[in-house]
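Heads up: the structure comes next, in structure tokens.
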């Protein structure tokens, strides 16, 4: 027998736990009645999609025999009913009906995507993500202390964590509806669950409804939660209200008639109604102000709705004319709206010897006050999409939460001690945060893209410095692991552990936040200066050796002004701390040698045949006093464009070009100084310079292919390749390439060393 396990809300409650498939007709009729009621609420909207979705969920519920903790159909209809009174769009209603069915695995997301479209699919998916986080929060025992002690920092973190998973405010509305329905159905649950759910709702979801300006939900959530958390106090205040109900109704009717007649006498057409302050806000005000029930000014209140803003102020003047105003009890939220968009005039008067609060607003302001952001969903025009011109602010809800200050007064429309300095933010693209749990259950807020090492430095500098491993959700992960919202992170430390300098290398991905990077750099700055000097010199010499540049050929003091340091040693120390990158220093060396790597690259001419005539123009070399002579690049030193060069007249091969500091050249001119000639490079190379490089790597399939692709991507020509694979699995490759100078060679060697399995990549000259 197929059964529906729980009662359905409202008109659908005719199905009992023993209901069978034979009662499906009754459910269909009840559903049709409910749909008609919703169409009436939404000004006759067709709601074909909502009807199809409701039919689908009903059939899924009737067809299942698996016990579920809730009736998915009843819950979906209940949530949609709540949202219908908020005048949301049809996609939101459909997603609300489907949510519980998907959560209980009766319906799949793929089915929704195929049958309902992307909008409904994304809404259900977003609500599921928020629901998953809610479960994580609920299961975290440490958070009970935060709720009990009202620890504002941690509660705000929970609040932001929930919001961070969605970009669409409608997801938040669906979650609020789900929590509201859950609270309504909480009467049959255990006292422990009643208190836990009520505390969660009162702490997180009712403030959320308040920030969205949805007074309807805020009042209901607060009163129901208060009923479960403090039942005796709730009954006491409720009884005080009930005892004076008849007297209050008579009084309200009297002041309504009097005010309506006065406004009509001034040709102001107004709708006037009375209301009673909701129970939880009464309790909060009595507690915070240490007042008795009779001392509250706004237990009795009138709401006056007029046609225009001008009539609002006119009506205010009439109110103060007929009744005496209570000092310091006036707020103009029309001129100075609240952060959530609420606008109205609030005043308190003594009317017939009793305090009376009067709220004056236009009908448009009233709709926005009651429905909040929901009032801006354009249902009446028949559009299934929302007003995105206004929703730019709504979809930026996460940023609103970041800048919105928690209020101490939580009444529906508080009118005292309320200063909300909130600046409207136009660009929210930079608000990218994630929220993770620490090992102890505390919530930490980090920039999106943060790694576990960023988290370690966020917790404490020493935790980051001594970190050697990490676990996420009880699983070991590398220090480069990128965190996601809702994950629990545990950092493992050792006393003798020190930070690794590789952590500062951007390409390795250890650190993504400026905060962690600054802390790490500070640690390195505090280390022994002599040690840093040694390490910095080693880093520089390694790079120079790779480029076959002798360390004594450069003077670091030449670069002090550029890097704003006092001595060359300061440059070496800055290399270690990461304040000066090695790449930036080598670039300056290149520029100092009259080769600016930022100059536009020349179009390479076709490579010359090495057996062709060795002309001056072929190599872009100028020789003092000689023209049209044969020349060649000396193989002993293989100078590259930008390096200091000189010529030597040979017996039968013309002029050989050497580095000025080449040992062979110095030996030859010492013996025969007359053969030495001055030589220099042209301002721009007309062709690539032949350079031999050697690459040592672990032998593997596809190694040569990967390296050649890297070389070709820099538009570098390969003249010759010689590869030898040793028995120990090490491959030695010698490549003759053409580069346009030292800067290009430096970039290439750096890129080669970053490839998997590469041990070293360096320039090869004779003798090394």
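The values are calculated or read from the model by the stated rules, or taken from the named source; none is laboratory data. Only a predicted model underlies this, so the values are computations on that prediction, with no experimental measurement involved. Using ideal geometry, Cβ is built from the backbone for each residue, glycine included, and neighbour counts are taken over all protein chains shown.
Side notes on the structure shown:
- First in region 73-86 and at negative phi and not assigned by TED's automatic domain parsing to the domain that holds residue 34, second anywhere and modelled with pLDDT of 85 or more and buried (at least 24 other Cβ atoms within 10 Å of the Cβ), Cβ under 9 Å, 6 or more apart: none
- Evaluation of residue 644 against (1) buried (at least 19 other Cβ atoms within 10 Å of the Cβ); (2) modelled with pLDDT of 80 or more (one fails), failing number: (1)
- From the list 689, 715, the lone residue that is surrounded by 15 or more Cβ atoms within 10 Å (Cβ to Cβ) and touching a residue at least 40 places away in the same chain (Cβ under 8 Å) is 689.
- Selection from region 687-740 of residues that are touching a helix residue (DSSP H, G or I) at 6+ places or on another chain (Cβ under 8 Å) and part of a loop (DSSP other than H, G, I, E, B): 687, 714, 716
- Between 2, 53, the distinction of being assigned by TED's automatic domain parsing to the domain that holds residue 171 and either under 21 Å from residue 103 (Cα atoms) or modelled with pLDDT of 80 or more (or both) belongs to 53 only.
- From 173, 183, 212, 155, residue being closer than 30 Å to residue 333 by Cβ, at pLDDT below 80 and crowded, with 21+ Cβ neighbours inside 10 Å: 212
- Considering region 448-473, and only residues there that are touching a strand residue (DSSP E or B) at 6+ places or on another chain (Cβ under 8 Å), surrounded by fewer than 17 Cβ atoms within 10 Å (Cβ to Cβ) and in a loop (DSSP other than H, G, I, E, B), the residue that is modelled with the lowest pLDDT turns out to be 448.
- Of all residues in region 656-673, those satisfying the criterion of being farther than 22 Å from residue 739 by Cβ and either in contact with a strand residue (DSSP E or B) (Cβ under 7 Å, 6 or more places away or on another chain) or not in a loop (DSSP other than H, G, I, E, B) (or both) are 663, 664, 666, 667, 668, 669, 670, 671, 673.
- Meets criteria (surrounded by 15 or more Cβ atoms within 10 Å (Cβ to Cβ) and either in the same structural domain as residue 573 (by TED's automatic domain parsing) or not in a helix (DSSP H, G or I) (or both)) for residue 537: yes
- Flag if residue 201 is assigned by TED's automatic domain parsing to the domain that holds residue 97, free of Cβ contacts under 8 Å to residues at least 40 places away in the same chain and under 30 Å from residue 337 (Cβ atoms): yes
- Test result for residue 702, surrounded by 15 or more Cβ atoms within 10 Å (Cβ to Cβ) and either over 47 Å from the mean Cα position of the chain (by Cα) or not assigned by TED's automatic domain parsing to the domain that holds residue 584 (or both): no
- For region 70-94, the set of residues classified as part of a helix (DSSP H, G or I) and within 29 Å of the chain's Cα centre (by Cα) consists of 79, 83, 90, 91, 92, 93, 94, listed by residue number.
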